[in-house]
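The values are calculated or read from the model by the stated rules, or taken from the named source; none is laboratory data. A quick note: this is a predicted structure, and the numbers were derived from the prediction, not measured. Every residue, glycine as well, gets a Cβ built from its backbone with ideal geometry; the counts of neighbours run over all protein chains shown. Quick note on the areas: whole protein, heavy atoms, side chains included, nothing else; ligands and nucleic acids left out. Shrake-Rupley method; radii C 1.70, N 1.55, O 1.52, S 1.80 Å.
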Amino acid sequence: MVNISQKKAVHVSSSILNAGPEAELQACIQEQSFVFENAVAVIERLEKAAKDRQLGTPDSISQLQKSLDQVVAAQQKVSASHERFAQTNANLSPELRTTLGRHEGLLKTLIGRIDHLQQTFEGIRAELTPQLDVESRRRNMQAAYLQSLKTV
């Protein structure tokens, strides 16, 4: 999945080199939308694994971190592009307004999925903490018993 995102980013980046500020901004926003969609997909896989009480793939959390790093990088590109566009004092075109509307929806979805994933993990932690406490207590008692046998 990361490879697809990187290929898309390279394609979009090379295509905006000679574009005007609005076209550059629109391309950056579309690229960021693609990154948002990828991040949502990673989060959905983590949520499914957590819901099914599976460990998921060993690199799931690192995939999430990479995906969130890509979100930050894409935001930096959009911010720089937006600044260049703002300097032109141009009005938003209908196409850019449409792109921004779709993008806003994706951002809300991404934030909602992140919040839901956090709640899911907090719920699992709350469920597992008592079990871990019992297991820890059992191990401590067993270690104390073995220690007492050694001294007898």
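The heavy atoms of LEU146 present about 90 square angstrom of accessible area, all protein chains included, probe 1.4 Å. Given their separation in residues at 0.36 nm each and the Cα-Cα distance between them, GLN147 and GLN118 gain 6.3 nm when the chain is fully extended.
Given points 7 Å out from each Cα along the Cα-Cβ axis, report the ILE111 to SER79 separation in nanometres with one decimal. Result for the modelled spin labels: 1.6 nm. Placing dummy labels 7 Å off each Cα toward the beta-carbon, the span from ASN91 to GLU135 is 6.3 nm. Among the protein heavy atoms of region 20-124, carbon and sulfur supply 57% of the accessible surface, probe 1.4 Å, non-protein parts ignored. Using the Cβ-Cβ distance between THR98 and ARG45 with R0 set to 35 Å, the FRET efficiency from 1/(1 + (r/R0)^6) comes to roughly 0.75. Annotation: per residue accessible area for region 49-152 equals 77 Å², rounded to a whole number [probe 1.4 Å, protein chains only].
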